[in-house]
Amino acid sequence: MPSKRTTLPLAAAVVAVAAALAFVVTKEPHYDIRPGAEAGNPQCERITESAPGKLAGHAHHDTELPGVAVWGDSDIVLRCGVPELGPTTDPCFAADGVDWVIDSARSTDTSKVITTYGRTPATEVTVTQSLKAPDEVLVELSALISPIEQTAQCVQPD
């Protein structure tokens, strides 16, 4: 049976390690994000592996989630492998040859949810309103999306 003298330092060491780990965990951002159903698609892997290290001044943060890329403290969230959109009355626009649709039902005063149109797998980007130039975000991300074949358009070419 161990003496109390050896048990006490061991217990103190365990408490110290637990406290240190708790500090580290609370310092890491918590992402309440679910990957898209088709996040395992090779195109999603390519997109997330090629994601820029910085976007709109926000640093890229690694996640263990397939098909997900995050910049800042969830200021910009990309989810590849989300359901493809069908015909919609939501606003649609093109950025560098990629059609994007603003999800009016899920967008709020503080963030916009924008999804690619006519590409499988579809990619969803959520941007906070605090961004000074969300258009620049979509232009840069469109370069990652454009290799996916476009099968439909929501913006008709001129």
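The values are calculated or read from the model by the stated rules, or taken from the named source; none is laboratory data. Just so it is clear, the model here is predicted, and its values are computed rather than measured. FYI the Cβ positions are ideal-geometry reconstructions off the backbone, even for glycines, and counts take in every protein chain you see. SASA here: full protein model, heavy atoms, side chains in, ligands and nucleic acids out. Shrake-Rupley method; radii C 1.70, N 1.55, O 1.52, S 1.80 Å.
Overview of values
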{"quantity": "Accessible area expressed per residue, the stretch 31-135, with surrounding protein chains retained (probe 1.4 Å, Å²)", "calculated": "51"}
{"quantity": "Integer Hz, Karplus 6.51/-1.76/1.60 couplings in order for the stretch 101-116, x for Gly and Pro", "calculated": "10, 7, 7, 4, 5, 9, 7, 10, 5, 9, 8, 10, 10, 10, 10, 5"}
{"quantity": "Within the accessible area of the stretch 94-158 (1.4 Å probe), percent carbon and sulfur", "calculated": "49"}
{"quantity": "Rg [Å, one decimal], Dmax [Å, integer] - the stretch 28-76, C-alpha atoms", "calculated": "10.6, 29"}
{"quantity": "DSSP-loop chymotrypsin sites (Phe, Trp or Tyr not before Pro) across the stretch 31-108, with at most 15 other Cβ within 10 angstrom", "calculated": "Tyr31"}
{"quantity": "Length added when fully stretched, Phe93-Gln153, from 0.36 nm per residue minus Cα-Cα", "calculated": "20.6 nm"}
{"quantity": "Fraction of accessible area attributable to carbon and sulfur, the stretch 31-91 (%, probe 1.4 Å)", "calculated": "47"}
